1. Taking only segment 122-135 into account, find how many residues are more than 11 Å from Phe165 (Cβ to Cβ) and either out of contact with any strand residue (DSSP E or B) (no Cβ under 6 Å at 6 or more places or on another chain) or surrounded by fewer than 21 Cβ atoms within 10 Å (Cβ to Cβ) (or both).
2. If I ask for residues that are free of Cβ contacts under 8 Å to residues at least 60 places away in the same chain, touching a helix residue (DSSP H, G or I) at 6+ places or on another chain (Cβ under 8 Å), of a type outside the set (Ser, Thr, Tyr) and crowded, with 18+ Cβ neighbours inside 10 Å, which ones from segment 31-59 would you list?
3. For segment 18-38, indicate whether the set of residues that are under 30 Å from Asn152 (Cα atoms), among the aliphatic types (A, V, I, L, M) and part of a strand (DSSP E or B) is non-empty.
4. What pairs come up if the first residue lies in segment 3-17 and is farther than 18 Å from Asn34 by Cβ, the second is of a type in the set (A, V, I, L, M, F, W, C) and part of a loop (DSSP other than H, G, I, E, B), and their beta carbons are under 6 Å apart, counting only those six or more places apart or on different chains?
5. Which pairs do you get when a residue that is assigned to a helix (DSSP H, G or I), found in segment 96-108, comes within reach of a residue that is surrounded by fewer than 21 Cβ atoms within 10 Å (Cβ to Cβ) and small (Gly, Ala, Ser), reach meaning Cβ atoms under 6 angstrom, with the pair 6+ apart or on two chains?
6. Considering only segment 128-150, state which residues are closer than 22 Å to Pro81 by Cβ and part of a helix (DSSP H, G or I).
7. Using the structure shown, decide if Ile168 is β-branched (Val, Ile, Thr) and in contact (Cβ under 8 Å) with a residue 60 or more places away in the chain.
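The values are calculated or read from the model by the stated rules, or taken from the named source; none is laboratory data. Just so we're clear, the structure is a prediction, and the values are computed from it rather than from any experiment. We place every Cβ from the backbone using ideal geometry, glycine too, and count neighbours over all the protein chains shown.
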Amino acid sequence: MTSEFVHLHNHSDYSLLDGAQRVEQLVNTIDDLNMDGVALTEHGNMFSTVPFYQKAQKAGINPIIGCETYVAVESRHNKKPQAGGGWGNNHLILLVQNQLGYKNLMKLVTAGYLEGFYYRPRIDMELLKEHSDGLVCLSGCLKGEIPEKMLNGDYEGARDAALRFSEIFSDKWRDGLLKSNSPCSPVGWRGFMLDSGSIWFNKDKDKTATSP
């Protein structure tokens, strides 16, 4: 059986202060729904990778290894307070496509902790350019760079960011369509729908639905 829909953005209790479900619960739920694959994308880490892979394989489910990374607004080496507040990062989802992608994701996550840690383990565009092979990139949630810029009315900035990611990941880049009950979502949803024609749809990219 091939599922028509696959969850590509999930957290477990390995995402501290965010995910509540255990890896086993996630796998069991996907099995109960008769879905044949699922991704696990912890915040900034790959700590759940081995138990996730083992439990999914045992259940006959395709484990899609990934991570919701923190990307520094500037350089990962810049560890100073932001003028506008915040921790100076945006979210970006990376999914492993093959063995090379797995190695590159490990390099990125490791560098986030050893080189870019500032409140969160951050990577940056320089690292993404060096280690993008074998990875599929999703634009992420409302904390992603593109949705955040659109919510702030910076449509040109969102366009530039989309093109930048598209240049790095080529056909492995996927934009997300946001819709939820969040107070912010109507703005984000309209922004994507109104502006997507000039940023994504003309590039014949596949669409990925996401949630905050």
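1. 6
2. Those that are free of Cβ contacts under 8 Å to residues at least 60 places away in the same chain, touching a helix residue (DSSP H, G or I) at 6+ places or on another chain (Cβ under 8 Å), of a type outside the set (Ser, Thr, Tyr) and crowded, with 18+ Cβ neighbours inside 10 Å: Val38, Leu40, Phe52, Lys55, Ala56.
3. no
4. The qualifying pairs are Tyr14/Phe47.
5. Leu100/Gly134; Gly101/Gly134; Asn104/Gly134
6. Residues satisfying the conditions are Glu145, Glu148, Lys149.
7. no
To keep it simple, each residue is scored yes or no on (1) small (Gly, Ala, Ser); (2) at pLDDT 90 or above; (3) touching a Gly at 6+ places or on another chain (Cβ under 9 Å); (4) not assigned by TED's automatic domain parsing to the domain that holds Gly44.
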{"site": "Gly144", "(1), (2), (3), (4)": "yes, yes, yes, yes"}
{"site": "Gly157", "(1), (2), (3), (4)": "yes, yes, no, yes"}
{"site": "Leu163", "(1), (2), (3), (4)": "no, yes, no, yes"}
{"site": "Asp175", "(1), (2), (3), (4)": "no, no, no, yes"}
{"site": "Lys179", "(1), (2), (3), (4)": "no, no, yes, yes"}
{"site": "Asp204", "(1), (2), (3), (4)": "no, no, no, yes"}
